[in-house]
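Colleague: I'd like to ask you about the structure that follows.
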Amino acid sequence: MQEVEPVVRVNCSREALLAYSVSAQEGECSATGVLTVETGNRTGRSPKDRFIVDDLQTHETVDWGGTNQAIERSVFELLWAKALEYLEGKTQFVHHLRVGADTAYGIPVKVTTEYAWHAVFALNMFIQGPWSEADHVEHWELINVPGLKLAGSDDGVSSDAAVILDLTEHRVLLCGMRYAGEMKKAMFTAINYHLPPQDVLPMHCAANVGEDGCSALFFGLSGTGKTTLSSDPTRRLIGDDEHGWSTHGVFNFEGGCYAKCINLNEESEPQIWNAVKSGAVLENVVVDKESLKPDFDDGS
């Protein structure tokens with residue numbers, strides 16, 4: 001059999017990625033034209049599998065503990081090299097994006113994914129736009145290889161999967177993680193680390209603005225209603241999850257919304273309901289086998 005050369009697909013359109021994802025059986029298209037995927041045994045973030053590289057810069061500037069677990073640089077470098085070697089034989093998807101709508105504070109990121117649907121997620125959640133020459137030098141790099149399973153303690157981590165942030169060298173590595181939310185939260189951590197020294201407050205909150213130009217902020221843990229409250233149809237939505245507050249005002253870190261769909265209905269949350277259309281991705285939502293319609297009321 002003739003070997004097929006792996007392909008690096010750069011800045012593909014959302015439509016091309018969705019078509020590839022379905023053809024590669026990463027997920028299936030619902031009756032409403034939305035890509036539906038499952039993330040396996042991890043349907044949310046895995047805090048015990050998240051690490052930050054401990055080095056001369058971060059040792060004194062990171063609040064180490066149960067949330068921020070340290071990992072040696074030598075371990076990270078070995079895993080980064082392992083991921084690059086793994087990708088050599090794979091079709092991969094590369095996109096040049098940005099986190100942070102305020103161009104004075106946003107950070108460019110080169111996202112490389114093994115799955116096409118993870119690339120769609122990145123396009124939806126991060127900000128699209130042209131890179132400058134400086135961006136190519138100072139950008140972050142995120143690699144997501146869910147098919148690369150780790151060997152736990154033999155690889156210097158806790159299990160078969162890991163999310164590792166290198167805050168000094170501006171790199172993020174995700175191995176064995178199919179849950180896409182790890183990508184956005186990793187980049188939130190990155191920008192959260194870099195903004196305070198610039199006199200910008202990073203916030204885990206939703207935000208909207210009224211006709212008078214005054215912003216409202218909605219704070220709360222995940223699942224407590226920030227997205228619902230901020231999507232008030234009488235006000236303009238800024239974003240539903242992650243923002244910065246500078247002397248210029250409030251700005252969104254993201255380019256899209258990542259909403260929980262349990263018990264979603266058109267009457268109570270029309271903006272979210274109407275956003276679930278072609279181009280969106282549904283993670284771990286039950287789909288009727290015959291009608292292929294999403295069942296937002298089925299919590300199984």
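The values are calculated or read from the model by the stated rules, or taken from the named source; none is laboratory data. Here the structure is a predicted model, which means the values were calculated and not measured. Note that each Cβ is placed from the backbone with ideal geometry, even for glycine, and that neighbours are counted across all protein chains shown. Heavy atoms of the whole protein, side chains included, go into the accessibility calculation; ligands, DNA and RNA do not. Shrake-Rupley method; radii C 1.70, N 1.55, O 1.52, S 1.80 Å.
Colleague: Looking only at residues in region 198-212 that are within 24 Å of the chain's Cα centre (by Cα) and surrounded by fewer than 17 Cβ atoms within 10 Å (Cβ to Cβ), which one is farthest from Tyr105 (Cα to Cα)?
Modeller: At the first step, the residues of region 198-212 found to be within 24 Å of the chain's Cα centre (by Cα) are 198, 200-208.
Then keep just the ones that are surrounded by fewer than 17 Cβ atoms within 10 Å (Cβ to Cβ); that gives 198, 201, 204.
Working: Gln198: 8, Leu201: 11, His204: 17 Å.
For region 198-212, the residue satisfying everything is His204.
Colleague: Please enumerate the residues belonging to region 196-212 that are in a strand (DSSP E or B) and either in contact with a helix residue (DSSP H, G or I) (Cβ under 6 Å, 6 or more places away or on another chain) or among the small types (Gly, Ala, Ser) (or both).
Modeller: First, pick out the residues of region 196-212 that are in a strand (DSSP E or B): 201-209.
Scanning region 196-212 gives Pro202, Ala206, Ala207, Asn208.
Colleague: Here is a follow-up. When you scan region 184-193, do you find a residue that is in contact with a Cys (Cβ under 7 Å, 6 or more places away or on another chain), at pLDDT 95 or above and open to solvent by less than 10 Å² (accessible area, probe 1.4 Å), even just one? Show your work before the answer.
Modeller: Quick first cut of region 184-193, residues in contact with a Cys (Cβ under 7 Å, 6 or more places away or on another chain) only: none.
Within region 184-193, none of the residues are in contact with a Cys (Cβ under 7 Å, 6 or more places away or on another chain), at pLDDT 95 or above and open to solvent by less than 10 Å² (accessible area, probe 1.4 Å).
Colleague: Next question, about the same structure. Pick out the one residue from Thr168, Thr103 that is under 24 Å from Gly239 (Cβ atoms), β-branched (Val, Ile, Thr) and part of a loop (DSSP other than H, G, I, E, B).
Modeller: Exactly one residue qualifies, and that residue is Thr103.
Colleague: Given the criteria open to solvent by less than 60 Å² (accessible area, probe 1.4 Å) and either in a helix (DSSP H, G or I) or modelled with pLDDT under 95 (or both), does Asp135 qualify?
Modeller: Values: open to solvent by less than 60 Å² (accessible area, probe 1.4 Å): yes; either in a helix (DSSP H, G or I) or modelled with pLDDT under 95 (or both): yes.
The answer is yes for Asp135.
Colleague: Moving on to the next point. With more than 21 Å from Asn144 (Cβ to Cβ), small (Gly, Ala, Ser), open to solvent by 40 Å² or more (accessible area, probe 1.4 Å) and not in a loop (DSSP other than H, G, I, E, B) as the only criterion, which of Ala81, Ala19, Ala70 stands out?
Modeller: Details: Ala81 fails: more than 21 Å from Asn144 (Cβ to Cβ); Ala19 fails: more than 21 Å from Asn144 (Cβ to Cβ).
Result: Ala70 is the single residue among Ala81, Ala19, Ala70 that is more than 21 Å from Asn144 (Cβ to Cβ), small (Gly, Ala, Ser), open to solvent by 40 Å² or more (accessible area, probe 1.4 Å) and not in a loop (DSSP other than H, G, I, E, B).
Colleague: Residues being of a type in the set (Asp, Glu) and touching a residue at least 60 places away in the same chain (Cβ under 8 Å): count how many of those fall in region 43-101.
Modeller: Applying the first criterion (of a type in the set (Asp, Glu)) to region 43-101 yields 49, 54-55, 60, 63, 72, 77, 85, 88.
Next, from what is left, pick out any that are touching a residue at least 60 places away in the same chain (Cβ under 8 Å): 49, 55, 72, 88.
Within region 43-101, residues that are of a type in the set (Asp, Glu) and touching a residue at least 60 places away in the same chain (Cβ under 8 Å) number 4.
Colleague: Where in region 213-254 are the strands (runs of 3 or more DSSP E), entirely inside, with at least 1 residues that are open to solvent by 70 Å² or more (accessible area, probe 1.4 Å), at pLDDT 90 or above and not aromatic (Phe, Trp, Tyr)?
Modeller: Correct list: 236-239.
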